[in-house]
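Have a look at the structure below, then the notes.
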């Protein structure tokens, strides 16, 4: 099943546009898990998925939090990908962007070996970055277009509006399987980007901890015919429990995911 079909089907089934970011920082995982389980990240993720899967439209593991734990972390990533229900899309957050044989190997690793449904891409090296991905038409790629961090003004959101040029290029290439990552704090720009890319799926991080206002984002990001958005929350869900050593941490994650789901739905 193509990513877009999978996304639309699960979003309707779960009545959800929530993407849970599995940024499973091992230093923040409850100590009773770190001390009693051979693979703490995997055990943590399994409990988070059990508590949240009914409320989500996608999961987004960030590769950095897995490779930082070496082979054990890579094993946790593989087990996590296998454990997520097969009807829920998996976006691997890698922000990779290279050319030629190098990009071909990245694509093989993520789309064939790990078998994720989508990845995030750094498009700054141009068309050569996506050309090796053409044979994966059932997959989806999210171009990093505009981020919420302050220094995004150095390049992406400077006086030349470089983010806009990236969006225009997406239209020129017309591949049909390119979405965009747009930080939630870029309210005016989100509306502008939606006008350029009416049918692309927007992956929107930055709600909550990073200061994005969900109500304003929804006003500017939702597509005309389909919502075409995924609102990502990472720390705000998986570390929702204020007591870092609580054995009920997964319950709080489920409550946070459900709360975000309801807030999003009240704006559609």
TODO: Please go through segment 57-71 and pick out each residue that is assigned to a helix (DSSP H, G or I) and in contact with a helix residue (DSSP H, G or I) (Cβ under 8 Å, 6 or more places away or on another chain).
DONE: 65, 66, 67
- [ ] Answer yes or no: is there a residue in segment 1-18 that is farther than 22 Å from residue 202 by Cβ, touching a helix residue (DSSP H, G or I) at 6+ places or on another chain (Cβ under 8 Å) and at pLDDT 95 or above.
- [x] no
Task: In segment 19-56, the residues that are outside any helix (DSSP H, G or I), in contact with a strand residue (DSSP E or B) (Cβ under 6 Å, 6 or more places away or on another chain) and crowded, with 23+ Cβ neighbours inside 10 Å - done: 19, 20, 22, 56
Open item on the list: Which residue is nearest to residue 64 (Cα to Cα), if the candidates are limited to segment 124-150 and must be out of contact with any strand residue (DSSP E or B) (no Cβ under 8 Å at 6 or more places or on another chain) and in a helix (DSSP H, G or I)?
Closed with: 150
Task: Residue count for segment 183-194, restricted to those that are closer than 14 Å to residue 227 by Cα and surrounded by fewer than 23 Cβ atoms within 10 Å (Cβ to Cβ) - done: 2
- [ ] For residue 87, work out the one condition from (1) touching a residue at least 40 places away in the same chain (Cβ under 8 Å); (2) more than 19 Å from residue 170 (Cα to Cα); (3) in contact with a strand residue (DSSP E or B) (Cβ under 6 Å, 6 or more places away or on another chain); (4) part of a loop (DSSP other than H, G, I, E, B) it doesn't fulfil.
- [x] (3)
Open item on the list: Looking only at segment 94-123, filter to residues that are part of a loop (DSSP other than H, G, I, E, B) and touching a strand residue (DSSP E or B) at 6+ places or on another chain (Cβ under 6 Å); which one of those is surrounded by the most Cβ atoms within 10 Å (Cβ to Cβ)?
Closed with: 116
- [ ] Among the residues of segment 195-226, write down those that are buried (at least 21 other Cβ atoms within 10 Å of the Cβ), closer than 15 Å to residue 16 by Cβ and in contact (Cβ under 8 Å) with a residue 60 or more places away in the chain.
- [x] 201, 203
Task: Residues that are out of contact with any helix residue (DSSP H, G or I) (no Cβ under 9 Å at 6 or more places or on another chain) and modelled with pLDDT of 95 or more, drawn from segment 206-233 - done: 232
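The values are calculated or read from the model by the stated rules, or taken from the named source; none is laboratory data. On a predicted model such as this, the values are computed, not experimentally measured, just so you know. Neighbour counts are summed over all protein chains in view; Cβ atoms, including those assigned to glycine, are modelled from backbone coordinates with ideal geometry.
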